[in-house]
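One structure is given here, and the rest of the page talks about it.
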Amino acid sequence: MQSTNVLIIGGGPAGYVAAIRSAQAGIATVLVEREKAGGTCLNIGCIPSKALIHAADEFHKRIESGSLANLGIVASPPELNLARLNEWKSGVVGRLTGGVYALLKQAGVRVIHGKARVLDGKTVEVEDVEGQTGKRQRLVCQHLVLATGSEPAELPMLPFGGKVMSSTQALNLETIPKTMAVIGGGYIGLELGTTYAKLGTQVTLIEAREHVLPGWDPELSKPVQKRLRELGVELLLNTRVESGDAVTGELKLKSTDDGERTLQVESVLVAVGRRPRSRDAGIEGLLLDMDGPFIRVDEQGRTSMRQVWAIGDITGEPMLAHRAMAQAEVVAAAIAGQRRRFEPAAIPAVCYCDPEVVLSGLTPSEAKSQYGDVVTASYTFSHNGRALTLDAAEGFVRVVAKRDDHRILGWQAVGPNVSELAAVFTHSIEMCARLEDVAATVHAHPTLSEVLQEAALKALGTPLHG
Ligand SMILES: Cc1cc2nc3c(=O)[nH]c(=O)nc-3n(C[C@H](O)[C@H](O)[C@H](O)COP(=O)(O)OP(=O)(O)OC[C@H]3O[C@@H](n4cnc5c(N)ncnc54)[C@H](O)[C@@H]3O)c2cc1C
């Protein structure tokens, strides 16, 4: 039986970051990963999806009538070589996962490629998956870090298989389907639905709630829904899938507005959420305290069992890569004896739909319920010089601040490239910036970020450009 100080199960953004930091602190660290380091994010999530979104945007710009013609550019209709696109996407993924393995090695982490099973809070059995030998080894550790992540949730009446796919398959299609139903208008369904619509698929997006991005601010979804309709996406809101046939691709739908109907499609993408792997790999045997499906942790990532830690998607919402990485840093520091806590003032969330959407901190209604009197103001991209020169003037930025001291509590934005504003939004909240700080900061001109300054000026009652 081999021993180590820290043993981490799962090499996604949570696990690999914890492993690097722990080894850098001079602690003997083993990372067990059954597939590929980088986890969902690098292999079947954030990165391949953004690569596809970018390619679909470039392709669509050249076929959308008027979009380039407005700029006086006459482009011949493009052709799509999907095999080449998939190769490029895999190259991006390969470069990043290769980088993670190099960093792990450089830090001195021992990586075991195998499937881990927790026997108790100090002992893990690892089954070899490399040569499919089924060979098992046991490891004992002082600190066990659980980072097993999450996987796509299935619909009970429409399990994955046949024409029914999860985001994992949808990121690796070999042909562009003529028709696709996307069930779920959350960020994954929206990103992939928009991508396939831009690549030429007739997409029907089915959402049970009254707007896409349910749970996000409804005002933000309006420009997105407008754009989806322009792209030819059939948007079925307030609609549920009652049943479906994975062989024929027939779905029976029930809408609170239009009653029942049948839909026939070539493929069905189920994007109804993700399930944390919080009870897999023998973890359930530890009888840890839970918060619903998630493992309960304190602000240092400790579970209810001494020296068993949990990070990433298995510990709760928001199930996002940057939250997982930030939590991992804290856990590695805590194991190394430092007094760090995971207490971010804001965790940004981005949807790379068209136009992009970003949220950081509190929405107006959340701010009102926490602080009572708040001030909000929004400023539109249609008055922003940079947005007009990009021919992308749809959307707005909104700021939310306390009325008494003007401390900024939240930002919401929908518009061109607003994902890149996530950092400045979150910095201002973390640094306890006031509206006056943003309003008095000299913003480069012409940039999209000038909209932040205009929103802050408006919130102070001194708008400059309207
Ligand atoms: C299509 C898609 C797009 C996304 N886009 C974004 C985005 O734009 N931004 C964002 O922040 N997030 C995005 N996410 C979410 C993001 O990928 C996750 O939040 C993030 O990967 C969670 O990290 P994690 O380390 O907790 O888990 P994971 O990344 O899921 O990693 C867990 C790892 O544990 C391994 N594992 C599990 N069980 C065992 C076992 N028994 N033995 C050994 N290894 C095991 C798995 O193989 C996996 O590699 C996206 C997800 C999807 C599916």
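The values are calculated or read from the model by the stated rules, or taken from the named source; none is laboratory data. No experiment lies behind these values; they were computed from the predicted model shown. Neighbour counts run over all protein chains shown; Cβ positions are idealised from the backbone, glycine included. We work out accessible area using only protein heavy atoms, side chains counted, and drop any ligands, DNA or RNA first. Shrake-Rupley method; radii C 1.70, N 1.55, O 1.52, S 1.80 Å.
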For the chain, what does the alpha-carbon gyration tensor say about shape, rounded, prolate or oblate, given a ≥ b ≥ c as the root eigenvalues, a/c under 1.5 as rounded, and a/b over b/c as prolate?
-> oblate
Would you mind classifying region 272-352 by shape? Square roots of the alpha carbon gyration tensor eigenvalues, ordered a ≥ b ≥ c; an a/c under 1.5 is rounded, otherwise it is prolate if a/b is larger than b/c and oblate if not.
-> oblate
Expressed as a percent, the accessible surface of the chain that is carbon or sulfur, using a 1.4 Å probe and the full set of protein chains, is 50 percent
Output the peptides 412-422, 277-287 sorted from most to least packed, where packing is the average of other Cβ atoms within 10 Å over each peptide's residues.
-> 412-422, 277-287
Overall Cα dimensions of region 357-409, principal axis frame, Å, largest first | 39, 19, 12
Ratio to report: Rg/Rh of region 1-134, with Cα atoms as the point set and Rh obtained by the Kirkwood method; give two decimals.
-> 1.20
Roughly how much of K226 is accessible, in Å² to the nearest 10, using a 1.4 Å probe?
-> 100 Å²
Using only protein heavy atoms and a 1.4 Å probe, report how much of H322 is accessible, in Å² to the nearest 10.
-> 80 Å²
All other residues with a Cβ under 15 Å from the Cβ of N70 taken together, and with Lys, Arg as +1 and Asp, Glu as -1, what is their net charge?
-> -2
Go ahead and estimate [θ] at 222 nm for the chain from helices alone: -39,500 (n - 2.57) per DSSP H run with n ≥ 4, summed, over the residue count, rounded to 500.
-> -9000 deg cm²/dmol
With DNA, RNA and ligands ignored, accessible area of T262 (1.4 Å probe; Å², nearest 10) | 80 Å²
What FRET efficiency would be calculated for the residue pair N81, L231, taking the C-beta separation as r and a Förster radius of 25 Å, to the nearest 0.05?
-> 0.70
Once Lys and Arg get +1 and Asp and Glu get -1 on their Cβ, which of I429, G312, V397 lies farthest toward the positive end of the dipole of the chain?
-> G312
Mind scanning K61/K198; K36/K115; K115/K135; K89/K115 and naming the pairs with a C-alpha gap bigger than 18 Å?
-> K89/K115
How much area per residue is accessible in the chain when the probe is 1.4 Å and only protein heavy atoms are counted (Å²)?
-> 46 Å²
About the Cα centre of region 317-466, what is the dipole size in debye to 20, counting +1 per Lys and Arg Cβ and -1 per Asp and Glu Cβ, all else neutral?
-> 420 debye
Using the Karplus equation 6.51 cos²θ - 1.76 cosθ + 1.60 (θ = phi - 60°), what ³J(HN,Hα) coupling, rounded to whole Hz, does each residue of region 274-290 give in order, writing x for Gly and Pro?
-> 10, 10, x, 8, 8, 10, 7, 6, x, 5, 4, x, 7, 6, 6, 5, 10
